[in-house]
Amino acid sequence: MSLNSRLADWRGQRVWLIGASSGIGEALAHRLIYLGARVAVTSRQTAALENLNAAYVAPADVTDPAALTAAHDAVRAALGGIDVVFINAGTHRPVRAWELDAEAAAKLVQVNLIGAMNAVALVAPGFAERGSGRIALTASVAGYGGLPTGLVYGATKAALINFTETLYLDLAPKGVAVHLISPGFVKTPLTDKNDFKMPALISSEEAARDILDGIAAGEFETHFPKRFTRVLKLLNLLPYRLYFPLVHRLTGL
């Protein structure tokens with residue numbers, strides 16, 4: 001049984017895509033435009049947005065509430081409303097415990113978690129009031145459990161998973177669909193920072209197709225690639241006395 005309403009036909013859907021300048025967001029923008037959606041794109045990278053052939057470009061930084069509010073209002077006016085919002089903005093920096101820097105950690109939290117909350121705060125009240133709408137948030141399988149090099153990044157994604165689950169509990173009874181997107185390793189400028197072998201690495205185009213397939217099926221969580229994400233889900237069911245040694249063995253870290 002689907003936890004959300006299904007959406008397979010994107011023709012005419014008014015979509016606000018936040019975090020669209022590269023990687024998964026860029027691939028989603030191209031795919032949604034191809035499928036007939038009216039897509040407005042937001043990112044800090046204005047030049048990259050101009051190359052997307054979107055219906056509307058609204059540059060903004062998710063960590064700047066005033067700028068994001070202005071972008072939201074401009075998108076609503078340009079599209080005549082918003083049916084679906086993808087909150088995909090995020091950043092990544094591999095960190096080990098002996099490299100932890102408080103200022104850099106705060107910046108990761110601001111973008112990955114507070115930025116997502118800033119965006120949800122703009123659309124959730126209106127969606128709840130009218131009893132329709134769709135919110136999709138991109139977290140990561142790094143949020144399932146602790147992993148080496150994910151000291152801060154994984155914590156932001158774990159918090160985002162919890163936030164999205166609670167968002168569903170609040171909004172689903174009001175007719176608003178909520179989707180949690182949990183990618184494994186996807187080749188993007190962010191994962192290019194990793195200096196270790198990334199198992200089951202897929203392209204951003206494959207990720208975009210998997211995300212839209214999950215929404216078409218009405219899934220709450222869409223995780224991919226499943227040959228990798230299912231292993232992590234099983235791993236996190238183990239007691240810590242087994243989990244920690246297995247993680248060290250599997251990662252070599």
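Where a number appears in this text, it was derived from the coordinates with a stated rule and is not lab data. Only a predicted model underlies this, so the values are computations on that prediction, with no experimental measurement involved. Every residue, glycine among them, receives a Cβ derived from its backbone with ideal geometry; neighbour counts consider all protein chains shown.
Please turn the phi angles of segment 49-54 into ³J(HN,Hα) values with the Karplus equation 6.51 cos²θ - 1.76 cosθ + 1.60 (θ = phi - 60°), one per residue in order, whole Hz, x for glycine and proline.
Karplus-based 3J(HN,Hα) across segment 49-54 equals 5, 5, 8, 8, 6, 7 Hz.
Relative contact order for the chain: what percent, with Cα pairs under 8 Å and sequence separation of 6 or more?
Working: 455 pairs, mean separation 52.3, N = 253.
Rounded, it is 21 percent for the chain.
Between Ala60 and residues 5 or more places away or on another chain, which pairs have amide H atoms under 5 Å apart, with H built 1.01 Å from N, and which residues are they?
Here the answer is Ser43, Arg44, since their amide H atoms fall under 5 Å of that of Ala60.
Does anything in segment 13-45 have its amide N under 18 Å from the 7 Å Cα→Cβ label point of Arg209, and if so which residues?
Residues 23-36 fall inside that zone.
In degrees, nearest 10, range 0 to 90: what is the angle between the Cα axis of helix 226-235 and the longest Cα principal axis of the chain?
Its long axis makes an angle of about 60 degrees.
Using a 10 Å cut-off around each Cβ, can you sort Met117, Met1 from fewest to most neighbouring Cβ atoms?
With the fewest neighbours first, Met117, Met1 line up as Met1, Met117.
For the chain, what is the number of Lys pairs with C-alpha distance below 24 angstrom, counting only pairs 8 or more positions apart or on separate chains?
Total qualifying Lys-Lys pairs in the chain comes to 14.
Quote the charge dipole size of the chain about the Cα centre in Debye, to the nearest 20; the model charges only the Cβ of Lys and Arg (+1) and of Asp and Glu (-1).
The calculation lands at about 600 debye.
Rounded to the nearest 0.05, what FRET efficiency do Leu235 and Ala128 give with R0 = 22 Å and r taken as the Cβ-Cβ distance? Could you check? It would help to have the intermediate numbers written out before the result.
Working: r = 36 Å, r/R0 = 1.63.
Once the sixth-power term is evaluated, E becomes 0.05.
Given a Förster radius of 35 Å and the C-beta distance between Asp64 and Leu242 as r, what FRET efficiency does 1/(1 + (r/R0)^6) yield to the nearest 0.05? If you can, show how the numbers build up before the last one.
On the way: r = 44 Å, r/R0 = 1.25.
The pair Asp64/Leu242 has a calculated efficiency of 0.20.
Can you give the extra length, in nm with one decimal, that the chain gains between Lys107 and Leu201 once fully stretched, where that is 0.36 nm per residue apart less the Cα-Cα distance?
On the way: separation 94, 0.36 × 94 = 33.84 nm, distance 2.64 nm.
Gain on stretching Lys107 to Leu201: 31.2 nm.
So how far apart, in nm, are the two label points at Leu100 and Ala172 if each is 7 Å from Cα heading toward Cβ?
Roughly 3.4 nm, to one decimal.
Give me the Kirkwood hydrodynamic radius of segment 26-168, using the inverse of the mean 1/r over all pairs of distinct Cα atoms, in Å to one decimal. Provide the component values of the computation, followed by the final result.
Values: mean 1/r = 0.0619 Å⁻¹.
One decimal place: 16.2 Å for the Kirkwood radius.
How many angstrom separate the Cα center of segment 83-109 from the Cα center of segment 115-183?
15 Å
What list of ³J(HN,Hα) couplings, whole Hz, do you get for segment 130-146 from phi and the Karplus terms 6.51, -1.76, 1.60, once you set θ to phi - 60° and write x for glycine and proline?
In residue order, the calculated couplings are 8, x, 7, x, 8, 10, 10, 10, 8, 9, 5, 5, 5, x, 5, x, x Hz.
Can you list residues whose amide H is under 5 Å from Glu221's amide H, if they're 5+ apart or on another chain and H is modeled 1.01 Å from N?
When sequence neighbours closer than 5 places are left aside, the close amide H contacts are Leu180.
Percent relative contact order of segment 1-118, based on C-alpha pairs within less than 8 angstrom and at least six residues apart?
So the answer I get is 26 percent.
Output wanted: per-residue J couplings in Hz (rounded whole) for segment 91-97, from phi through Karplus 6.51 cos²θ - 1.76 cosθ + 1.60, θ = phi - 60°, x for Gly and Pro.
Result, rounded to whole Hz: 9, 8, 8, x, 9, 9, 4.
Show the residues, 5+ positions off or on another chain, whose built amide H is closer than 5 Å to the amide H of Val186.
Sorted by chain and number, the residues that satisfy this are Ile202.
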